[in-house]
């Protein structure tokens, strides 16, 4: 009986010690988790509300003057040609010469005019040369407009914000390792979901800007006037057939 009493007392003391260690561990972890989440919450607010940098600088502190410019080139040109088919063949030769391609095309035919509207993408370095040679296809250039959009500041600003958001993502992943309860895990995962959506949005915008900078766009409208003597209406064709 005495041995049983001693045995039960030993088990009780062991359980009490384990319980004390567990409580101490939880008390040491929960404040740390709470402090980490509070710090991350404040940092996330800073990332979301960080002001625009002026002047924009890169990681080495260089200003925009020393950073490669990000320029989006766009042109709109309308030309009249005297031989539509021949002009179209010449245009295809130019596209091949400058490694350009037609992204969109719409051809329209009326009684007195045939028109081809094209959206052409070409490497930025070949933009000016291709545009000049396109003008050479015309008997008359009706209109020509060139737009250069400098997106350097936006590009650097988004890149900086993206870098900060990726750092926040990594810190949330570290906090996730310390989370012990289901509620804590769900809370951190929700923060990760939001920050990852923001990262994807920034990456998508950078990808779009890079595409627009590397490939310039030319909107070409090419048409030929058809002389009335060369055109026969449906009724005239019937009369001629008789």
*asked:* Restricting to the range 72-98, name every residue that is modelled with pLDDT under 95 and under 25 Å from residue 150 (Cβ atoms).
replied: none
*What tally of residues in the range 104-137 results from selecting those that are free of Cβ contacts under 8 Å to residues at least 40 places away in the same chain and assigned to a strand (DSSP E or B)?*
6
_Let me confirm something: among 176, 137, which residue is within 30 Å of residue 207 (Cβ to Cβ) and over 26 Å from the mean Cα position of the chain (by Cα)?_
176
*asked:* For the range 180-201, check the following and say yes or no: at least one residue is part of a helix (DSSP H, G or I) and closer than 30 Å to residue 127 by Cβ.
replied: yes
*Are any of the residues in the range 84-100 assigned to a strand (DSSP E or B), in contact with a strand residue (DSSP E or B) (Cβ under 7 Å, 6 or more places away or on another chain) and closer than 19 Å to residue 142 by Cβ?*
no
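The values are calculated or read from the model by the stated rules, or taken from the named source; none is laboratory data. On a predicted model such as this, the values are computed, not experimentally measured, just so you know. Cβ coordinates were reconstructed from backbone atoms using ideal geometry, including for glycine residues, and neighbour counts include every protein chain displayed.
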